[in-house]
Every structure is written in C-alpha cells, then in structure tokens.
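Below is one structure, written out as structure tokens, with a few remarks after it.
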Amino acid sequence: HWTLLSVSLLNCLLATACSVGLALAIALTIHSRGMHLVMGCNSSALPADARAAIVTNDCPFNTTRIYDTALALWFPSMVLAAAEAVLSGRCCLVALIFRGIGSCARSYGKEQV
C-alpha cells in the first residue's frame, strides 16, 4: 500500500507539472504567434508571423508548419497529462483508504473500494 501511495503521489505531481508546463507553452506560443518556435533562425527574411514563415538557408529546420504542428501535438498531450494526474490522484486516494489514513478511510470500507 505504501508503494502505491508513494508512486501514485509522485506520478500525480509529475503529471500536474507536465500539464501546467504544456499549458504555459501553449499560451506563450499563441501569445508570440509562434516566433519563439523559430528563434533558432537568425534570418531577417522570416516574417513576423511564424505561420507564414518560409524555409530559408539560415534555418536548420522547415518552418512552414512548425506552429500548427506544435499546437496540434501539445493540446492532446496536455489533455492526456491532466487525465493522468486525475487518475493518479484517485490511485493515491485509494491507497489512503487502504491504509486507513484521512477522513475518506472512515466513510468508505475496504470492501467498497
């Protein structure tokens, strides 16, 4: 039970940190219109909007779709990390009930869990 409690608590904290970090990355990317994503490109040929960026010889990667691709990958990742945090929190709650710790242990029986 102690292993379940410690692992689920650690996973809940890590998943929460991941979802908060992804939400921050999404917010900063939308706010800067994707310019932080193409900061490695030191070319004055890049437009102010990363969605309209073109491939240049000064940029080590293809910038044409980086904004849309990053957001398309980050949104589902954030949702899955938040779901993981919720499920880990529930596992932590079950471990607390099994150990008989807290107010939840008194209201639920081990048989109900």
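What follows draws every value from the coordinates through simple rules; no lab data is involved. What you see is a predicted model, and the numbers here were worked out from it, not measured in a lab. Ideal geometry is used to build each Cβ from the backbone, glycine not excepted, and the neighbour counts take in all protein chains shown.
Maximal additional length on extending the ARG90-VAL20 stretch stands at 23.3 nm, based on 0.36 nm per residue less the C-alpha distance.
Between HIS36 and ALA83, the C-beta separation translates, for a Förster distance of 25 Å, into a calculated FRET efficiency of about 0.40.
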